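The values are calculated or read from the model by the stated rules, or taken from the named source; none is laboratory data. Note that the structure is a prediction, hence the values are computed from the model and not measured. For neighbour counting, all protein chains shown are included, and Cβ atoms are generated from backbone atoms with ideal geometry for every residue, glycine included. The accessibility values were calculated without ligands, DNA or RNA, using every heavy atom of the protein model including side chains. Shrake-Rupley method; radii C 1.70, N 1.55, O 1.52, S 1.80 Å.
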Amino acid sequence: MRKCVFYLTLLFCIKGYSFSFKQMYTRTNTGFSFDLKELEQSSWEQKLSSMSLAFTGINAKVSYKIPSCKYTENPQWLLPGFYLTLTTKDFFPLDFIITAGTLSPTASYSNLKSPALSSPGTAFGGFASSKKLQTNLSSPDSTIEPSLFLEYNNKFFSINSLFQKDSFCSSLYFNFRLKKFTSMSFSTTGGLFNIENTTSSWFSETRLFNKKQIWAQNFQASFFSKNIKSKIELNLYQNQFDGLESSFSVQCLFNIRDFSLLAGAFSASSQELFCIGTTNLKTLCQFKLNPQFSFYPKNLCKIKIGSLFLLQDKIQPDSSTRLVLKGVFSSLIQTKTSIYNLNFLISDIPLQQNDTNSIYMSWTISRTQSFRLLKPKETLYFKYTCKNQSLISRLSINLTPPLTIPFYINSTFQANIKESAIQSMNATVSASINLQKKKYNLAAKVEFKFTF
């Protein structure tokens, strides 16, 4: 055994017993790493800890993490993440929400940051409707900056605005229900953001420019019915030279009983399109096709098969484009006690002459088996990657002993094999307890990780 890591997690929650107080929630994580060959390399292994309080009309949360460091070194202290939320719906008929703290924008903001179609690793995916601007608590960081988020919601629309140090973002969201199974939604998100490109590799032809504030706007429209779901999206960007760039995407999902077909396309105006952030767009054009089919032979099990084909025109560092194809084939067999998954992925298939780049292939087989005696769950996970000739074999066993106290045991073993030789092995053993009462919840988890 080469290395051992110990983790301890404690969770405590008190539920409200009056009108004003609703909940107090704390989660503490700490860990220690022991290097048995070189004790000087032993270190603290910290995870994210948090505490939250909820009162009528007021919510507050603080998260903190001490970065991993050696015992002989002083840790690099980070600023904690925090937010305070005030709501009016508990006192007034109008729903206003004010949140101040270290916030990270998500949802429709992510569409402005990455407008291209998603490239999943499985053929079983969902369909997303129009989104509005939302925020999450930022992770602790040494350069974290506070921000202010304002939100108003009612039955038909919502208005959100985020104020940060050097940027501003706002969104407007509408939702209409036309019939029992038919609805439409529309959203627009825009504001002022910062972009820059001050460093570049020697073979890159992307033009450099200093930090600049630009305007960007996102438009989304979705239509949902019983058999058809569709979404169109348009992004407008002021480029670094005061010109106008754009991107457009459309997706349609057709459902006919147990068969579904997802088709989509994406196009960007030029290679000079810089999204929100410090990097330019990596994909110029995309076409996506994703059929899925489910059937139930004699109601004994569920069998689901699917495939995904994604044609992409990728932008290279030297500003040239590379046309590649990605294919994913997935299958699932589910019975009352077992689940079998098979997933095969092949990507970066060149469709142009004189393209000598390598092709990436991988396949994954997993099995989940449930037993009725002690109600544990056994999971076998295998993965083979042809690109680097490596095999990852993983066995995980979850046990729930028949005790009056909810007690759980989990053990996992994983081996990495490359060129018929074992490169590394690791094992994890954990035990947890979870007590749920009317006025409080208490949970604890002890985990050991061994590296061989």
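Pairs exceeding a 31 Å alpha-carbon distance, out of Lys47/Lys229; Lys22/Lys131; Lys65/Lys288; Lys288/Lys449; Lys15/Lys229; Lys180/Lys304: Lys47/Lys229; Lys65/Lys288; Lys288/Lys449; Lys15/Lys229.
Pop out the carbon and sulfur fraction of the accessible area of the chain as a percent, whole number, probe 1.4 Å. The C+S portion of the solvent-accessible surface of the chain is 60 percent. Taking one equal scatterer on every alpha-carbon of the range 79-181, how large is log10 of I(q)/I(0) by Debye at q = 0.11, 0.15, 0.20 1/Å? Relative scattering, expressed as log10 I(q)/I(0), comes to -0.45, -0.78, -1.11. Under 5 Å from the amide H of Leu48 lies no amide H of any residue 5 or more positions distant or on a separate chain, with H modelled from the backbone and absent for Pro and chain starts.
Quote the charge dipole size of the chain about the Cα centre in Debye, to the nearest 20; the model charges only the Cβ of Lys and Arg (+1) and of Asp and Glu (-1).
Details: 48 positive and 25 negative charges, 472 e Å.
So the dipole magnitude of the chain works out to roughly 2260 debye.
Cross-link partners of Lys165 among lysines, defined as those whose alpha carbon lies under 23 angstrom from its own and excluding same-chain residues fewer than eight positions apart: Lys61, Lys113, Lys132, Lys211, Lys212. Contact order, relative form, for the range 205-306: 18 percent (alpha carbon pairs under 8 Å, 6 or more residues apart, mean separation divided by residue count).
Residues of the chain: accessible area per residue at 1.4 Å, in Å²? All intermediate terms of the calculation are to be shown ahead of the outcome.
Details: 26040 Å² over 452 residues.
Normalised by residue count, the accessible surface of the chain is 58 Å².
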